[in-house]
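Down below is the structure, laid out as structure tokens.
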Amino acid sequence: MRFHPDILGYLEQEVQPQMKQLEDGAPQGSIIICAHNEQDVLPATLAAVAQVSTRVSLEVIGVDNASTDATGEIFAAAGVHCIDQPRKGLSYARAAGLEAARSELIFQTDADTIVPTTWIEAHRRHYQEDDGLVGVSGGIKYLGAHWSHCLYGLGEKAFTEFYALVKKRRKKCIGGANLSFKRQSVLDTGGIRLGADLGEDLILFSQIAEQGRTLIDTGPEITVGTDGRRFDTAPKMAAHTKARVMNIMRRLRYSGIFPEGQNFNDVRG
């Protein structure tokens with residue numbers, strides 16, 4: 001759906017009151033959503049987040065990452081606490097959101113992703129059942145039917161298996177659009193690695209796995225739907241895959257240390 005200024009009124013009248021209900025009291029969970037020029041898809045994401053069913057108070061943090069469109073206005077209209085991160089790059093945006101978070105349990109999704117109403121409680125249930133758990137990677141399905149989605153999914157699975165083998169990690173990360181983790185598990189490993197603009201989800205989950213147990217859940221109550229527009233054609237898919245592979249190979253080369261000034265791929269428009 002293309003952005004129209006009238007959507008701001010809808011967000012203020014319909015979505016903002018629901019957001020306020022989520023944020024009733026001291027937060028016991030922080031939802032972080034990073035966005036760069038996502039005015040066309042962000043409203044649907046925020047509307048879905050506002051409708052999640054949960055037993056605890058939450059805070060929703062939006063990070064406007066060097067946007068030149070109405071992304072920041074959309075966050076504000078929906079009643080979301082918005083942080084401006086002018087340095088373009090997903091790792092920098094994630095770090096800004098994590099720094100602003102006030103709770104120990106972090107929930108992470110993307111600005112083009114629809115979460116189910118059961119999303120928060122599906123994640124929380126795992127931590128309630130296992131005190132030693134530090135991270136959960138939830139299922140992701142691509143919205144829209146295109147052959148490239150299936151092909152990309154197969155390639156993604158093969159590469160994450162390879163990455164896990166090289167790094168000797170038994171637990172893999174499905175994707176950054178559906179993650180939860182304990183904040184301290186990231187801080188204890190030096191914080192989010194800056195400089196990886198794509199593939200940062202695998203890097204982050206690798207850090208988390210160093211601090212305790214992690215798991216993957218692909219059940220319907222936790223699985224999210226994310227927009228596949230970035231690789232709905234073969235050329236887009238090839239560019240996305242190349243950038244992801246290059247960033248992960250750099251991860252292996254530098255053993256998780258990204259020097260300031262290193263030129264990492266950023267395929268976002």
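The values are calculated or read from the model by the stated rules, or taken from the named source; none is laboratory data. Since this is a predicted model, take the numbers as computed values, not measurements. We place every Cβ from the backbone using ideal geometry, glycine too, and count neighbours over all the protein chains shown.
Any idea how many residues of the stretch 195-247 are at pLDDT below 75, farther than 23 Å from N37 by Cβ and surrounded by 15 or more Cβ atoms within 10 Å (Cβ to Cβ)?
1
Would you please list the contacts, defined by Cβ atoms under 7 Å and residues six or more apart or on different chains, that run from a residue in the stretch 71-86 that is closer than 18 Å to A48 by Cβ to a residue that is of a type in the set (K, R)?
G79/K20
If a residue has to be at pLDDT below 90 and crowded, with 21+ Cβ neighbours inside 10 Å to count, how many in the stretch 176-194 make the cut?
Going through the stretch 176-194 one residue at a time, the tally reaches 2.
I'd like to check which helices (runs of 4 or more DSSP H) are fully inside the stretch 1-105 and have at least 3 residues that are surrounded by 21 or more Cβ atoms within 10 Å (Cβ to Cβ) and out of contact with any helix residue (DSSP H, G or I) (no Cβ under 7 Å at 6 or more places or on another chain).
Counting at least 3 such residues, we get 90-100.
Pairs under 6 Å by beta carbon, first residue closer than 13 Å to K141 by Cα in the stretch 110-122, partner at pLDDT below 95 and of a type in the set (D, E, K, R), six or more apart or different chains?
Between residues of the stretch 110-122 that are closer than 13 Å to K141 by Cα and residues that are at pLDDT below 95 and of a type in the set (D, E, K, R), the close pairs are D112/D227.
Across the stretch 116-141, which residue is farthest from N178 (Cα to Cα) among those that are among the basic types (K, R) and modelled with pLDDT of 95 or more?
Only one residue fits best here, namely R125.
State which residue is modelled with the highest pLDDT when the search covers only the stretch 13-38 and only residues that are of a type in the set (D, E) and more than 15 Å from G62 (Cβ to Cβ).
Once the filter is applied, the top-ranked residue is E14.
If a residue has to be modelled with pLDDT under 95 and closer than 17 Å to Q21 by Cα to count, how many in the stretch 42-88 make the cut?
The qualifying residues number 1.
Within the stretch 178-191, track down each residue that is closer than 16 Å to I31 by Cα and out of contact with any His (no Cβ under 6 Å at 6 or more places or on another chain).
Passing the criteria: N178, L179, F181, K182, R183, Q184, V186.
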